[in-house]
Each structure stands twice: as C-alpha cells, then as structure tokens.
Amino acid sequence: MIEIFGISSQALFGQLLIGLINGAFYAMLSLGLAVIFGMLNIINFCHGALYMIGAFVAWMLLNWLGIGYWWALLISPIITGALGVVIERLFLQRLRDLDHLYGLLLTFGLALILEGVFRQNFGASGLPYRIPPELTGGTNLGFMFLPNYRAWVIVLSLFVCLGTWFAIEYTRLGSYLRAATENPALVQAFGVNVSRMITLTYGFGVALAAIAGVLAAPIYQVSPLMGSNIIIVVFAVVVIGGMGSILGSIVTGFGLGIAEGLTKVFYPEASSTVIFVIMAIVLLIRPSGLFGKGA
Amino acid sequence: MHKAQAPMLSVRNLEAWYGESHILHGVGIDVREGEVVTLLGRNGAGKTTTIKSIMGMVNKRSGSVSYEGQEIISWPSNKIARAGIAICPEERGIFSSLNVQENLLLPPQVRAGGLSVDEIYTLFPNLKERMYSQGTKLSGGEQQMLAIARILRTGARLLLLDEPTEGLAPVIIQQIAVTIKRLKEAGFTILLVEQNFRFAATVADRFYVMESGRVIDEIENTNLESNLTKLNEYLGV
Ligand SMILES: Nc1ncnc2c1ncn2[C@@H]1O[C@H](COP(=O)(O)OP(=O)(O)OP(=O)(O)O)[C@@H](O)[C@H]1O
Ligand SMILES: [Mg+2]
C-alpha cells in the first residue's frame, strides 16, 4: 500500500471521493442559487427545503406509486420545479420591486413552513431510498474502490452543471437571460416576456435543487432536515464563489468539496469548519467573492 | 401630400408620472409613415419620457397612443414591441455580458421585412470587425451604431431614437445623419429626440418643441428659416 505523508492512498482517495460527491451537491445547489439570484435578485433561502422536497418526491413516487429512480430523476424536478413556479407567481412576483431583504425573509419563512410540514408527516429521522439496481456495486480502480452510484452522481452533476453553464453562456435563450439580468426593462421593450422568463428561471433553479435531491436520496437518507443541513454550507460556497456567478458557483462548489475532503485526511478536526474559514478569508481579501464582479 | 394619410403613430393627451411626480401634461404628436419627426426641447423637457411612454416603459401613463390604428396605451412594452415599434434608448443600453454579435441578435424578430445581418454589417462595417468584442468595450460612437443596428433586424417599422448624437464627435454625428437618411430611404419611420438642432435640421421632416412636459410648437422643415429666431429662444441657444 502506498503512503503519502504517512497517510494511506486508500484513505486519501476515499476522502477525495467523498469530497467530490459533496462538491457535486454544493455545485448543483449553489448553481441554482446563482441563477435565481442573477435573475430575481432574491437570495433563495428555501433552496434547501426544495432540495429536500425533490428527494421526498422521489421517495413518494417509489413508495406510493411504485415509480423507480430513473423516472423519479425526470419527474421529481418537473413537479418540484412546478412548485417553484407556483411560489414565484404567488409570492416572489409581488416582491420584485422591493429590497432584497423581503425575498430573503419570505423564502426563509417558506423554508420553515415546508420543513415543518414534512417533519410533521414523516418525522425527523431519515427514510431509506435504495440505490437503483443498475448502479449497485462498484469498480476497483487499483488505487481505490469506486462505488458505481457515486461515480454516477459526479458524472451527472458535472453534466448538469456544465450543460447549464453552456446554455447560459452560448445559446440565444442564455443571451436573453444574461441581458435581462442586466436590464430587464430594455429586454422587455424588445419584445421578450421578461416576467414569464423570471418565473421559468426560478422554476429551473428549483428543478436543479430537485435533481440534486433525487441524486442525494440513495446516499444520504431522505429526511426533512437534509436541506437545512447542507444549505448553510452551500450559502458559504455562494459567498466564496461570488453571488450570481455561474461558472464561479460550479468551480467553487467542487473545489470546496475537495478542500473539505482533504482537510478530513490531513486535519480532521477542522473538516467541518474549513469552508467557513475559507469564506472568512475570501471575504477579507475579495469581498465580492472569487468570481464576483465589482464590489 | 402627407397630410392626407392617417398618421402611423398618433399621441393624444399623453400624461406620465414617475412615482408621484407628474412629468407629461397632455403631449400630442403625430408621425406619418415614412417621416422623420424630431422632438426638440431643453434638458428635462420630457422628451425621453415621451418616447418611453410610447414604448410602454413608463409604468404610470394615461391618454391615447394609437399605432397603425390600434390603441396601445395600456399595452406592456413587450406587446408594443411586437406591434412593430423599437427603441434605441438614450443611455444606449448595450449589454456588457453580451458580445457585439449577441447584442445585435438580441432583439427578437417581431415581423418579416427587417434588414438582414449582412445588410446591417454593410451599413456598419465597424461592428463586423468587432463582432466578438464585449459590447461595452466598443467606443461611444460604435456603441451608438450598435444600439441603432440591433433594432433594424427586427422588422419594426417605427424607430424611436433618443439622442443618438449625444456626446459624439462631429465625424460620427455626420455618419449617424447619413445612416438615418438611408433608413428613411429604406422605408423606416423615425421619431427622433435631439438637442442638437443643426443635426436634426439635416434629417427631419418636422419638429415638435417640448417644454415642461408639453408640446409648445410644431414646425415643418420647409419653414425652418423663418422660425429660427423662435427656435433659438425655445432651446435657449
Ligand atoms: N426615473 C425618473 N424618476 C423621477 N423623475 C424622472 C425620472 N426620469 C426623468 N425624470 C424627470 O422627468 C423630467 C423629464 O425628464 P426626461 O428625461 O423626459 O427629459 P428629457 O427631455 O429627455 O431631457 P434630456 O434632454 O436631459 O434627456 C425631468 O424633470 C426629470 O428630472
Ligand atoms: Mg432625454
């Protein structure tokens, strides 16, 4: 067995893998937050709750309707995204001309309500969700054992993140989105229904959270608190990457997952705080975040 | 001879507010198809507000704006755009997160009959060279060209141009005058806001003079000479 700095490569790569997995979730969630913040100027505090709902929808599909993982991966983001559309139309739309703070308070309240409803009905302990049979088992890479499901999570999350980034940076729809982020009134005056675009953008950001939720279901358990556990870290990721930066949120998400994993190997005591330490340092040196523009 | 046809754009009793401040007090103007009409007036007279109200970009407005026979005063701006009106705003509105080509292609096509991208690049060769530059990295003159260029593709027939010469060098102003004349020849109808009266005189068929949110005079270009003293007084030149 190879050792680096007295640490077995097995342990090192194992933690790196866990870091990458966590990073995949950080990236998908902070990407959704970034997309929503860019377009709606709202810090979507109920993002974690919607991620949790994404996982629960998969669980309900399976246990109540017998619909399995693969369909859930498609259906849950659609249902949860539709819930997002309703939230936007019912509430967020009314806050459009007001200060940031109102959106933050409203979504924070929504998160509490949504989590409360699920805790009331499903209890606080986690519900198991099985890895789909196609992805059980693993591959021995020689230097480490790679569970297939974890490989799948990393691949799909990379695909979703880079696909979103590409769509925003290089397609016509993406140019509408970027332009409307800068000057919605003018884009509307060119004939684009910006109001509808804002609603759909929110729905899309929520759908991203739901995809993350379905992916997470077999790894972490499905629990009403899964969202609030992860979302605090995700907000730190967003702050480090720079609020609203698309590529920044992806790179920072994966990067910080890995940083967390490595810390667990070399200095386990700091592993749960390392992201917040990095956040503090970044805020001191670059208050607008690593990828943020301006102050 | 123009007088016989119904105006393409007819604005009556237009009032507009920004929050509580009442800015327009019953503006009335007509623009006939194929005309270039200019709104003149001192700073703060309400020219931009008039243009934005026609485009539906001022939330609180009343009165009547009729375009090609349809009453559009209560329409949202995106629907007005789809009816065939396009704006080139005073601050130009070039998007910094879009490159030149993306800026050019941004406004969706609302009707057939707009200029093709090739025609636009022939009209504005500078833009073609800088196709992949960030929109806001262009010079002021180039940004103005881009702001005009991007509304020519859409099929809009009525162009609202807000001070296209503001802050530009004389050579560029001349270039813009040539462009506007070409657009008129190509059949576009143009409502132009200008403070540069000498520039406006070279391109416009008619002038409206605005003051304190009202139209206080209307002058045909053919009667320009006899009205010069009056105009200078209005504009405080
Ligand atoms: N967003 C706004 N909120 C409040 N008041 C405004 C706003 N925009 C313009 N005004 C006021 O409305 C009045 C008319 O402004 P407007 O921009 O229409 O003038 P203008 O004729 O275009 O002037 P300029 O030649 O300087 O562009 C001014 O008194 C201005 O202060
Ligand atoms: Mg103005």
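State whether one or more residues within region B:28-48 are within 16 Å of ligand 2 (Cβ to nearest atom), at positive phi and out of contact with any Asp or Glu (no Cβ under 9 Å at 6 or more places or on another chain). Yes, region B:28-48 contains a residue that is within 16 Å of ligand 2 (Cβ to nearest atom), at positive phi and out of contact with any Asp or Glu (no Cβ under 9 Å at 6 or more places or on another chain). I need a count of the residues in region A:231-285 that are of a type in the set (Val, Ile, Thr) and open to solvent by 20 Å² or more (accessible area, probe 1.4 Å). Counting residues in region A:231-285 that are of a type in the set (Val, Ile, Thr) and open to solvent by 20 Å² or more (accessible area, probe 1.4 Å) gives 14. Specify the residue that is farthest from A:LEU135 (Cα to Cα); the eligible residues are those in region A:208-230 that are small (Gly, Ala, Ser) and open to solvent by less than 20 Å² (accessible area, probe 1.4 Å). Among them, the one singled out is A:GLY227. Take residues that are open to solvent by 30 Å² or more (accessible area, probe 1.4 Å) and tell me which of the strands (runs of 3 or more DSSP E) falling wholly in region B:149-237 contain 3 or more. So the answer is B:214-220.
Given A:GLY142, A:GLY109, which one is without any contact (Cβ under 8 Å) to a residue 24 or more places away in the chain, open to solvent by less than 60 Å² (accessible area, probe 1.4 Å) and not in a strand (DSSP E or B)?
Answer to the check: A:GLY109.
No other residue among A:ALA55, A:ALA27 is closer than 25 Å to A:PRO147 by Cα, of a type outside the set (Phe, Trp, Tyr), touching a strand residue (DSSP E or B) at 6+ places or on another chain (Cβ under 7 Å) and touching a residue at least 40 places away in the same chain (Cβ under 8 Å) apart from A:ALA55.
All of (1) more than 16 Å from ligand 2 (Cβ to nearest atom); (2) touching a strand residue (DSSP E or B) at 6+ places or on another chain (Cβ under 6 Å) hold for B:LEU192 with one exception: (1). Take the residues of region A:188-200 that are within 28 Å of the chain's Cα centre (by Cα) and buried (at least 21 other Cβ atoms within 10 Å of the Cβ): which is nearest to the other protein chains (Cβ to nearest Cβ)? Taking the candidates together, the pick is A:VAL194. Checking each residue in region B:71-125 for being within 27 Å of B:LEU9 (Cα to Cα), within 7 Å of another protein chain (Cβ to nearest Cβ) and among the hydroxyl-bearing types (Ser, Thr, Tyr) picks out only B:SER77. In region B:204-220, the condition of being more than 16 Å from ligand 1 (Cβ to nearest atom) and either within 14 Å of chain A (Cβ to nearest Cβ) or polar (S, T, N, Q) (or both) is met by no residue. Taking residues in region B:37-61 that are in contact (Cβ under 8 Å) with a residue 12 or more places away in the chain and among the polar types (S, T, N, Q), and partners anywhere that are open to solvent by 30 Å² or more (accessible area, probe 1.4 Å) and assigned to a loop (DSSP other than H, G, I, E, B), the pairs with Cβ atoms closer than 8 Å and at least 6 places apart or on different chains are B:ASN43/B:GLN195; B:THR48/B:GLU90. A:GLY244 satisfies every condition listed in (1) in a helix (DSSP H, G or I); (2) farther than 30 Å from B:THR154 by Cα; (3) within 14 Å of chain B (Cβ to nearest Cβ) except (1).
The values are calculated or read from the model by the stated rules, or taken from the named source; none is laboratory data. Quick caveat: nothing in here was measured; it's all calculated off a predicted structure. Ideal geometry is used to build each Cβ from the backbone, glycine not excepted, and the neighbour counts take in all protein chains shown. The protein model used for the area step is the full one, side chains on, heavy atoms only, and it has no ligands, DNA or RNA in it. Shrake-Rupley method; radii C 1.70, N 1.55, O 1.52, S 1.80 Å.
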